[in-house]
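Reviewing the structure listed below.
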Amino acid sequence: MSDLLEIVDVSVSFTRYEAGLRRQKLEVLSGLSVDVRRGEVLAVIGSSGSGKSLLAHTVLGILPGNADVSGLMLFGGEELTPDRQRQARGREIALVPQAVTFLDPLMRVGPQVRWGAPDNGNGSRTQAQRHVFARYGLTSEVERSFPSQLSGGMLRRVLLSTAVVSGASLIIADEPTPGLHPEAVAETMRHLRELADEGRGVMLITHDIETAIGIADRIAVLYSGTAVEVCPARDFVSDGEALRHPYSHALWRALPGNGFTPMTGAQPSYGDLPNGCLFYPRCDRATRECAEERPALRDVRDGTVRCIHVT
Amino acid sequence: MNGAAPQTHPSAGRVSCSRLALSGRQRTLLTAALAALALGVIVAAGVLLPDTRLATDLGARNQAPSLANPFGTDWLGRDMLTRTARGLTTSLALGMAAASVSALLALALGMAAATLGKAADAAVSWLIDLFLSVPHIVLLILISFAFGGGARGVIIGIVLTHWPALARIIRAEILALRGSEFVRVSRRLGRSNLHIATRHMFPHVFPQFLVGLILLFPHAILHEAAVTFLGFGLPPHEPAVGIILAEAMMHLSTGRWWLALFPGLALLAMVRAFDILGDNTRALLDPRTAHE
Amino acid sequence: MTAVLTYLAGKTLRLATLLVAVCALSFWLMHISPIDPVQAYVGADMMLVSPDQRAAIAERWGLDEPPVEQFVLWATSLARGDMGTSMIYRQPVSTVIGERFLASLALMGTAWTLSGVFGFVLGVIAGRFRGTLIDRVIRWYCLTLASTPAFWLGLLLLMVFAVWLGLLPVGLASPAGMLAEDVTWLDRLRHLVLPALTLSIIGVANIALHTRQKLIDVLASDYAMFARARGESETGIILRHGLRNVALPALTLQFVGFSELFGGAVIAEQVFSYPGLGQATVQAGLHGDVPLLLGAVIVSTLFVFVGNLVADLLYRAIDPRTRAKAPS
Ligand SMILES: Nc1ncnc2c1ncn2[C@@H]1O[C@H](COP(=O)(O)OP(=O)(O)OP(=O)(O)O)[C@@H](O)[C@H]1O
Ligand code: SF4
Ligand SMILES: [Mg+2]
């Protein structure tokens, strides 16, 4: 049980109209369970299309109108209903976006950041924004600039400021370092770690296992829209024998330092998911039972896993 | 743990089934067919309604719309429905002929700009700028004047003024194609520019060309009507719709509203039908919207 | 600074080549016209012109010179600011154009503003409620307007307001029998209303459809998504981000639309006998007034060019994305 964010068995499906009048329900997140605690960084890893961004949008409640959400989400122990999400969005739960395109190109940076600060009257928003800018070494000149006038490094700090200024207790960073050079990645990770150390919960969504291991307390591995394993980051060591799920092992072994063994096959398409374990078609430990039903969530050695053969 | 569904979005679309059981594509096809049918009806009316309805009949002058004369009659007792159908057919024939030549011009210039090198490209761009730098109507007046009015002047005017937009589209399309794999392979195989243009590029730009052509028709028809209305197009004894409306204007103060209302409405319907036909053809040919 | 100068120099050069080409093309078109300028000058009602008279007229207008020399003659006097004398108005072309262009500007300016404002508002509403009934109604209305012949719309308005309701005059910007000086501002306004209304109604379609599409793009953008994630309401997003990002392209479109605006004015002025440059252009064409027609072509070309130039400059002046990066 977690005191900040708890996601239990959440599924998200989209209604689509096929050619003709057939309506198709596409389940993209299925039975996803994960939690974020105060003071920790939870890294969410998984390949492209595994549902990482969708998870973030589900928590924030900003899915498109044709999405259906089921399952339970708790925030600070309270059920995270659409009304509660509307309240919490941008105030208690903040998103750190990925790129400069997430800022309004025609609005000066200062006012954009300011907008997210709690308004206690008397110019408190401006003060809050200047305070955060000062923390990240951003000058008043930056405040008056348009996004297109800033360098990449400044922009990343501005994007981070939008989350920090809100005073949110949960920060969700969706791929905050796409294609950046290692120093820039390290700087952003240091900032996120600081935020967690100050008592916030940070959900870091990333492709990059090695970065995740370097900063996270725990790691959630997503595959085909479900969390196949959630475990302490320290389990990703040596030859990965501490890991639980076959997919986590395969991910780990595919890294250059750990044998560079490429994975075969691809994630199943969402229109055509297997009935049993989602990883069944690619799993080297699969047995006939695996194809029968979705593996239940199990607690194994300080972590959770969806695989029937793990001990 | 209750595991229930605390949040669903009930607004998510539950429609579609109640509507006509047609896919988007079928509906597009049907709309296009209906637009084509409407155009066919206009032409059929123009061709089939007998000349006798156009004879001067002083006993039946200035009659308001009735069952016998749904659009009323004019000051000579001629049936306005027949006049309108004839006028629209004339305008349609003229507009389509002119727009087709203009589209071919666009195709030639667009392909030339994209394939014949920098100088040709610059020359075509400059020509496009030149023809876009004078308002269409002014240029049409100028050209009609130069050719002494009549159908010839209008057709040449429309041919010369309507090609630039389509030429730009075709140029851009071909430039995009030029970088593509199969064209490069073809070039490496030593195929001539002409071969590549006719065998590879033309088939690819053909859908764009077709849609562009259909969408030129309504423009051309509207411009023909306007120029004729202003007195630069077809002579008064030709039954063009612009003439009918210009005459209606002269009889405006008599309060015979049907003289202006119905011919204009019919012209509007015809132009709109072409627009719908063009847009739906585009949707049918465009793979991106085909499955919407 | 040098960038601005280079830009302006480039634009000026382009305008110059275009103008020269437009002049040459127009002059050539005039030259090949079978319409006899002498006959046009005299008027169709005068059936016979004696050879002597013909020669005198031709000499006066320089019509007996070879075409290239005529063009050079005309172009050199044009360069001195002399556009010749209008045959139908028997006044210097520059005087005719000066007066009439002002009247046209009043008409076009009114229509431009009205269609811009209403089109923008309609487009924002349609984009905000995309896919709903109101969006479909607005879209249908705009698409129908785009297919509507402007002169026919003018006829309808004339029929309803002037003939049936008797509210507004049937035409003639200065009422017959009144001296131009006696025409009050109110009269002028009354004569302005119907043509301006025609032009505005037609002009709404393009700007509304464009604004709608831009707003839909903005609402699907990353920054709108992020604004949603920060708790901004849909209306708040439109007010804070939508309008700002849609206004500039809409304004630009309005300036780029000068060409169609002028074309619409030609038609509206003719229908309502509004004494603007458009009507003068039609009269010049109908009566073979070559100097005036050429003058109208030049002025309308300049007008279109200015519209495009302003659109271009607006982007440079307002859009921060075209500005240099601040020193880091
Ligand atoms: N509105 C939608 N309608 C239908 N399917 C959707 C919708 N949004 C997302 N999806 C599907 O959900 C899947 C997961 O998308 P998501 O963006 O969460 O992946 P991701 O893990 O963030 O990938 P990446 O690393 O590429 O960002 C995708 O396969 C996508 O097709
Ligand atoms: S349940 Fe079976 S198929 Fe799925 S991961 Fe475990 S072993 Fe592999
Ligand atoms: Mg993503």
- Task: Evaluate segment A:207-225: report whether one residue or more is over 30 Å from A:Ser70 (Cα atoms), touching a residue at least 40 places away in the same chain (Cβ under 8 Å) and within 16 Å of ligand 2 (Cβ to nearest atom).
- Result: no
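A quick yes/no check of all residues on (1) part of a loop (DSSP other than H, G, I, E, B); (2) touching a residue at least 60 places away in the same chain (Cβ under 8 Å); (3) at the interface with chain C (Cβ under 10 Å from one of its Cβ atoms); (4) within 16 Å of ligand 2 (Cβ to nearest atom):
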site	(1), (2), (3), (4)
A:Asp9	no, yes, no, no
A:Thr58	no, no, no, no
A:Leu74	no, yes, no, no
A:Ala94	no, yes, yes, no
A:Thr101	no, no, yes, no
- Run A:Gln85 past the list (1) crowded, with 19+ Cβ neighbours inside 10 Å; (2) within 16 Å of ligand 3 (Cβ to nearest atom); (3) not in a strand (DSSP E or B) and report the number of the one that doesn't hold. (2)
- Item | First in segment C:211-234 and under 25 Å from C:Gly119 (Cβ atoms), second anywhere and of a type in the set (D, E, K, R), Cβ under 7 Å, 6 or more apart | C:Leu215/C:Arg128; C:Ile216/C:Arg130; C:Tyr223/A:Asp104
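Give the residues of segment A:42-53 that are surrounded by 19 or more Cβ atoms within 10 Å (Cβ to Cβ) and more than 16 Å from ligand 2 (Cβ to nearest atom), sorted by residue number.
Just the residues of segment A:42-53 that are surrounded by 19 or more Cβ atoms within 10 Å (Cβ to Cβ), to begin with: A:42-46, A:50-52.
Across segment A:42-53, the qualifying residues are A:Leu42, A:Ala43, A:Val44, A:Ile45, A:Gly51, A:Lys52.
So, B:Phe145, is that one of a type in the set (Phe, Trp, Tyr) and either assigned to a loop (DSSP other than H, G, I, E, B) or in contact with a Ser or Thr (Cβ under 6 Å, 6 or more places away or on another chain) (or both) or not? Step through it out loud before you land on a result.
Numbers: of a type in the set (Phe, Trp, Tyr): yes; either assigned to a loop (DSSP other than H, G, I, E, B) or in contact with a Ser or Thr (Cβ under 6 Å, 6 or more places away or on another chain) (or both): yes.
Criteria met by B:Phe145.
Out of the residues in segment B:144-200 that are of a type in the set (Val, Ile, Thr) and surrounded by fewer than 22 Cβ atoms within 10 Å (Cβ to Cβ), which is farthest from B:His237 (Cα to Cα)?
Pass one, segment B:144-200, residues of a type in the set (Val, Ile, Thr): B:154-156, B:158-159, B:161, B:169-170, B:174, B:183, B:185, B:196, B:198.
Restricting the remaining residues to those that are surrounded by fewer than 22 Cβ atoms within 10 Å (Cβ to Cβ) gives B:156, B:159, B:169, B:183, B:185, B:196, B:198.
On the way: B:Ile156: 20, B:Val159: 24, B:Ile169: 39, B:Val183: 53, B:Val185: 58, B:Ile196: 49, B:Thr198: 44 Å.
Ranking the qualifying residues of segment B:144-200, first place goes to B:Val185.
Just give me the residues in segment A:197-211 being over 14 Å from A:Leu54 (Cα atoms), buried (at least 23 other Cβ atoms within 10 Å of the Cβ) and hydrophobic (A, V, I, L, M, F, W, C), in sequence order. Can you show your working first?
Going residue by residue through segment A:197-211, those that are over 14 Å from A:Leu54 (Cα atoms) are A:197-202, A:207-211.
Pick out the ones that are also buried (at least 23 other Cβ atoms within 10 Å of the Cβ) and you get A:200-202.
Scanning segment A:197-211 gives a single hit, A:Val202.
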- Message: Considering only residues that are surrounded by 19 or more Cβ atoms within 10 Å (Cβ to Cβ) and of a type in the set (D, E, K, R), which ones fall in segment A:229-261?
- Response: A:Glu229, A:Asp235, A:Arg244
- Note on the structure: Restricting attention to segment A:262-282, the residues that are crowded, with 17+ Cβ neighbours inside 10 Å, within 16 Å of ligand 1 (Cβ to nearest atom) and free of Cβ contacts under 8 Å to residues at least 40 places away in the same chain number exactly 0
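Between B:Thr198, B:Thr254, which is within 11 Å of chain C (Cβ to nearest Cβ), among the hydroxyl-bearing types (Ser, Thr, Tyr) and over 30 Å from B:Ala146 (Cβ atoms)? Steps first, answer last, please.
Numbers: B:Thr198 fails: within 11 Å of chain C (Cβ to nearest Cβ).
Every option except B:Thr254 fails the conditions.
Yes or no: C:Phe118 touching a residue at least 60 places away in the same chain (Cβ under 8 Å) and surrounded by fewer than 17 Cβ atoms within 10 Å (Cβ to Cβ)? I'd like the intermediate steps shown before the answer.
Working: touching a residue at least 60 places away in the same chain (Cβ under 8 Å): yes; surrounded by fewer than 17 Cβ atoms within 10 Å (Cβ to Cβ): yes.
Spelling it out, C:Phe118 is indeed touching a residue at least 60 places away in the same chain (Cβ under 8 Å) and surrounded by fewer than 17 Cβ atoms within 10 Å (Cβ to Cβ).
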- Task: Return a yes/no flag: does segment A:125-141 have any residue that is farther than 14 Å from A:Thr162 by Cα, acidic (Asp, Glu) and modelled with pLDDT under 95.
- Result: yes
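Conditions tested, residue by residue: (1) more than 14 Å from chain B (Cβ to nearest Cβ); (2) at pLDDT below 85; (3) within 13 Å of ligand 2 (Cβ to nearest atom); (4) over 25 Å from A:Leu54 (Cβ atoms).
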| residue | (1), (2), (3), (4) |
| --- | --- |
| A:Arg234 | yes, no, no, yes |
| A:Val237 | yes, no, no, yes |
| A:His245 | yes, no, yes, no |
| A:Ser248 | yes, no, yes, no |
| A:Arg253 | yes, no, no, yes |
| A:Pro256 | yes, no, no, yes |
| A:Gly259 | yes, yes, no, yes |
| A:Gly265 | yes, no, yes, no |
| A:Pro268 | yes, no, yes, no |
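Among the residues of segment A:283-290, is there at least one that is away from chain B (no Cβ under 14 Å), away from ligand 1 (no atom under 16 Å from the Cβ) and in contact with a Gly (Cβ under 7 Å, 6 or more places away or on another chain)?
Just the residues of segment A:283-290 that are away from chain B (no Cβ under 14 Å), to begin with: A:283-290.
With the extra rule that they be away from ligand 1 (no atom under 16 Å from the Cβ), the set shrinks to A:283-290.
Next, only the ones that are in contact with a Gly (Cβ under 7 Å, 6 or more places away or on another chain) stay: A:290.
Scanning segment A:283-290, I find at least one residue that is away from chain B (no Cβ under 14 Å), away from ligand 1 (no atom under 16 Å from the Cβ) and in contact with a Gly (Cβ under 7 Å, 6 or more places away or on another chain), so the answer is yes.
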- Note on the structure: By residue number, the members of segment A:29-49 that are at pLDDT 95 or above and near ligand 1 (Cβ under 9 Å from one of its atoms) are A:Leu29, A:Val44
- State the number of residues belonging to segment A:256-292 that are over 15 Å from A:Val228 (Cα atoms) and part of a helix (DSSP H, G or I). 9
- Item | In segment A:123-146, the residues that are in contact (Cβ under 8 Å) with a residue 40 or more places away in the chain and facing another protein chain (nearest Cβ under 8 Å) | A:Phe146
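Can you list the helices (runs of 4 or more DSSP H) lying wholly within segment C:239-328 that have 2 or more residues being acidic (Asp, Glu)?
On the way: elements: C:243-256, C:258-272, C:277-286, C:290-318.
It comes to C:258-272.
The values are calculated or read from the model by the stated rules, or taken from the named source; none is laboratory data. Since the structure is predicted, the reported quantities are computational estimates derived from the model, not experimental observations. Don't worry about glycine lacking a Cβ; one is built from the backbone with ideal geometry, like all the others, and counts go over all protein chains shown.
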